[in-house]
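The values are calculated or read from the model by the stated rules, or taken from the named source; none is laboratory data. Fair warning: this is a prediction, and the values are worked out from it, not measured in the lab. Don't worry about glycine lacking a Cβ; one is built from the backbone with ideal geometry, like all the others, and counts go over all protein chains shown. These area figures cover heavy atoms from the full protein model, side chains too; ligands, DNA and RNA do not enter into them. Shrake-Rupley method; radii C 1.70, N 1.55, O 1.52, S 1.80 Å.
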Amino acid sequence: MKKILTIIAAAALFTAAATAQISQADVDKAFKIVEDTEDTLAYHGDYSATVTLVVEKPGKPNENLQFKIFERTDDKLMTMVQLFPEADKGKGYLRNDDNIWSYDPISRKFTHTSIKEAIGDSDIKLDDVEQSKQKWRANYDVEAYEQGTLGKYPVHIITLKAKTSEPSYAKSKFYIRTDIPLVLKEEDFSGSDRLMRTILIPKYSKVPAGYVGTQILIRDELNKGEQTQQVISDLTFDTLPDKIFTKAYLEGLN
């Protein structure tokens, strides 16, 4: 019994030492890198885009979803309208700061919802489309930082642990290019360190405002073979009318 207790105590000390290894310099560096990823992306101020999702599930035909997204990142305003399939046309989401509503055009009712809600039947959550530098330090602690490689790219490997209830996952690991701060891979974990989801971004396009991840693969690691492919198109950066970010706008589309 004494030997078992000694082993447990040693393991606890080892875990504590491993946790304490990250320096404040690495914490600051890690936060700076993830914040730089937001600056590198083209989504600043007002923008709109068409988001096409292809949902793949074993034994089922692929499901195609399409949305139009409007966002004013500086004010945390977002409107998302479903375009396809026809049966769900007009469904939408409206965000104003931390308040999020889903809209059903049939009942013409708004329901207060969470940023953790999945979009349609896909593996994408509403917080995946949020663009905000402030979300990192506000919602996460840096658990680990190292450098490595992913395919042909040298990368920063940054593990962030959620410290608020805002993130959809308890922990996320990001693989970010060292030459340009672009996320190539994200792994999301549960509180028990179980891998829940993997995101791969194999294709970026350069536009005047920055970079756009035009092809994104989101794999459900709990249900093998299930994944969602996201394709971005029709990206514009024109100033959007204020009325787009209102409930009346969604109601007026139907």
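Being closer than 23 Å to Thr159 by Cβ, at pLDDT 85 or above and among the hydrophobic types (A, V, I, L, M, F, W, C) is the requirement here; does Trp101 meet it?
No; evaluated as a whole, the condition is false for this residue.
In the stretch 196-220, what count of residues is obtained for those that are buried (at least 17 other Cβ atoms within 10 Å of the Cβ) and charged (D, E, K, R)?
Residues in the stretch 196-220 being buried (at least 17 other Cβ atoms within 10 Å of the Cβ) and charged (D, E, K, R): 3 in total.
It is to be established whether one or more residues within the stretch 204-220 are part of a strand (DSSP E or B), in contact (Cβ under 8 Å) with a residue 60 or more places away in the chain and aromatic (Phe, Trp, Tyr).
Within the stretch 204-220, one or more residues are part of a strand (DSSP E or B), in contact (Cβ under 8 Å) with a residue 60 or more places away in the chain and aromatic (Phe, Trp, Tyr).
Mind counting the residues in the stretch 192-221 that are over 18 Å from the mean Cα position of the chain (by Cα) and aliphatic (A, V, I, L, M)?
Count: 2.
Anything in the stretch 104-116 that is part of a loop (DSSP other than H, G, I, E, B), modelled with pLDDT under 90 and farther than 16 Å from Ile69 by Cα? List them, or say none.
Within the stretch 104-116, Ser114, Lys116 meet the criteria.
Are any residues in the stretch 156-185 of a type outside the set (Val, Ile, Thr), in contact with a strand residue (DSSP E or B) (Cβ under 8 Å, 6 or more places away or on another chain) and more than 17 Å from Asp39 (Cα to Cα), and if so, which ones?
Within the stretch 156-185, Leu160, Lys161, Ala162, Lys163, Pro167, Ser168, Tyr169, Ala170, Lys171, Ser172, Lys173, Lys185 meet the criteria.
Counting only residues that are open to solvent by 20 Å² or more (accessible area, probe 1.4 Å) and among the aliphatic types (A, V, I, L, M), which one in the stretch 34-78 is modelled with the lowest pLDDT?
Leu41
Collect the residues in the stretch 221-254 that are in contact (Cβ under 8 Å) with a residue 60 or more places away in the chain and of a type in the set (A, V, I, L, M), keeping them in residue-number order.
Those that are in contact (Cβ under 8 Å) with a residue 60 or more places away in the chain and of a type in the set (A, V, I, L, M): Val231, Ile232, Leu235, Leu240, Ile244, Leu250, Leu253.
Filter the stretch 168-181 down to residues that are buried (at least 20 other Cβ atoms within 10 Å of the Cβ) and closer than 16 Å to Thr40 by Cβ, then give me how many there are.
Number satisfying all stated conditions: 3.
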